[in-house]
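The values are calculated or read from the model by the stated rules, or taken from the named source; none is laboratory data. Everything numeric in this text was worked out from a predicted model, so none of it was measured. Every residue, glycine as well, gets a Cβ built from its backbone with ideal geometry; the counts of neighbours run over all protein chains shown.
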Amino acid sequence: MTDLDTFRTETRAWLAENCPPEMRKPVRSEDDVCWGGRQFKPSSPAQKDWLDRMAARGWTVPDWPKAYGGGGLSPAETKILREEMAAIKARNPLNSFGISMLGPALLKYGTEEQKLDHLTKIARGEIRWCQGYSEPNAGSDLAGLATSAEDKGDHYLVNGQKVWT
């Protein structure tokens, strides 16, 4: 048996024991999705247990380094974890802009202080991040956006204004 076979067997057993039955059902509404954050109110004790158990292993962000709240898993191990979760129809324990956008940027460009201050909290669902884009006089009306980029051959000239919050 290879190391990955062993990892798969152990992961399958751990998920079978630790994923609550309620977390193996389809998401029915927004309330079934765990977004995390300081004001997060779990829809059930099972939802909170699932988040806590997965976060304790670093499996909310399995491919992040352990030092920042991740699981420290290799790409192959992360794939196996996802496959085993899918096999039992386990819900994602945490859906977060912090995981998908901010965390990767901090991992690559953040200072050590920023990483230590934010990443573990993101991984545990203790804080929630968001991002907004807009333009003056357009708001969230994408059809009303006026900023454009003009091809100047060796560069683009961007005309307009963006607001990033």
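I'd like to know if the range 67-81 contains one or more residues that are at pLDDT 95 or above, among the β-branched types (V, I, T) and closer than 22 Å to T6 by Cα. Checked the range 67-81: at least one residue is at pLDDT 95 or above, among the β-branched types (V, I, T) and closer than 22 Å to T6 by Cα. Considering the range 74-88, the residues that are within 17 Å of the chain's Cα centre (by Cα) and among the aliphatic types (A, V, I, L, M) include one that is surrounded by the fewest Cβ atoms within 10 Å (Cβ to Cβ), namely A86. Every test in (1) surrounded by 19 or more Cβ atoms within 10 Å (Cβ to Cβ); (2) hydroxyl-bearing (S, T, Y); (3) over 10 Å from the mean Cα position of the chain (by Cα) is passed by T60 save one, and that test is (3). Kindly check whether there is at least one residue in the range 91-99 that is more than 20 Å from K25 (Cα to Cα), part of a helix (DSSP H, G or I) and out of contact with any Phe, Trp or Tyr (no Cβ under 6 Å at 6 or more places or on another chain). Yes - at least one qualifying residue is present in the range 91-99. If you go through the range 138-165 and pick out every residue that is exposed (fewer than 11 other Cβ atoms within 10 Å of the Cβ), hydroxyl-bearing (S, T, Y) and part of a loop (DSSP other than H, G, I, E, B), you end up with 2.
Each row is one residue, and each column tells you yes or no for (1) out of contact with any Lys or Arg (no Cβ under 8 Å at 6 or more places or on another chain); (2) among the β-branched types (V, I, T); (3) closer than 30 Å to P62 by Cβ.
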residue	(1), (2), (3)
I99	yes, yes, yes
T111	yes, yes, yes
L119	yes, no, yes
I127	no, yes, yes
G132	yes, no, yes
L145	yes, no, no
D151	yes, no, no
V163	yes, yes, no
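Residues that are surrounded by fewer than 17 Cβ atoms within 10 Å (Cβ to Cβ) and assigned to a helix (DSSP H, G or I) within the range 108-137 comprise K108, Y109, E112, E113, Q114, L116, D117, listed in sequence order.
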